[in-house]
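What follows is a short report on a single structure.
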Amino acid sequence: MRRRHHPGHILLIALAALTAGLGVQPARAQAPEHRWLLGFDLAASTVADNEETEDIVIDQKAGGLGLQLGFLLKPSFMLRFTAAAADHETSDPDVTIRLGGSTLDAVFLFREGRPLRPYLFAGVGGFQAESRQDALIYSIRGPGVAMGAGAHLRLGARATLHGALRVEAINWEKARVTWEQPGGSIEVEAPIDEDGWASKVMLGVGIWL
């Protein structure tokens, strides 16, 4: 399998450039009127080891992107929608598997009024893995839970530097094959019952509105 740069190295370089471009201001406590969070993250995704299978072997690590939209119900509690996806290469150079998902998270924040605010979270949502080979699209879907920890470091009145570790447990329930043709497409779907997991290290910025 080809050697690649570790996604974490790429994330750190990109994050440093992004932070430098923000015009960082002295850290201040979050103003109470700034309750909405819009966050953009780079993600280093890891999936379970699958080298014992006889089929295509998925690269465990890949880089991806994430999005957050949250609302502070009170200074110590936030409801947050999180979506993230990453393209994992495989032992077949013509096949890439996109693993994505979205969750609704309950976020518990600590150190109210401080520039650095760590948090714990847990959420539920849905996940999908998809790949394409010529005219065929293969996908599996299912519900899952996510949990982890992170922190927001205040850069200014409306910006924070964000980092988090997510662990996702997934129950794959449906498999689908779609055959695309010029006149339309044919889909075949079947129930499955398989467990999987993934994790993500996320680094990015948050804008408070």
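Taken together, the values in this text are just the output of simple stated rules run on the coordinates, not laboratory data. Remember, it's a predicted structure, so these values are computed and weren't measured experimentally. Note that we place each Cβ from the backbone using ideal geometry, even for glycine, and neighbour counts take in every protein chain shown.
Quick notes on this structure:
- Over the C-alpha atoms of the stretch 32-171, the Rg to Rh ratio, Rh being the Kirkwood estimate, stands at 1.05.
- Bridgeable lysines around LYS61 (alpha carbons under 21 Å apart, same-chain partners fewer than 8 residues away excluded): LYS200.
- Each Lys and Arg adds +1 at its Cβ and each Asp and Glu adds -1 at its Cβ; summed about the Cα centre, the stretch 61-209 shows a dipole of about 1280 debye.
- Distance between the stretch 66-110 and the stretch 143-209 - C-alpha centres, whole angstrom: 4
- Fully extending the segment from LEU136 to ARG35 would add 31.9 nm, taking 0.36 nm per residue of separation and subtracting the current Cα-Cα distance.
- Using the Cβ of VAL124 as centre and a radius below 11 Å, the other residues enclosed give a net charge of -2, where K and R count +1 and D and E count -1.
- Sites matching chymotrypsin sites (Phe, Trp or Tyr not before Pro) across the stretch 66-129 that sit in DSSP coil, with at most 15 neighbouring C-beta atoms within 10 Å: PHE110
- Backbone N under 19 Å from the MET147 label point (7 Å along Cα→Cβ), restricted to the stretch 159-182: 164-172
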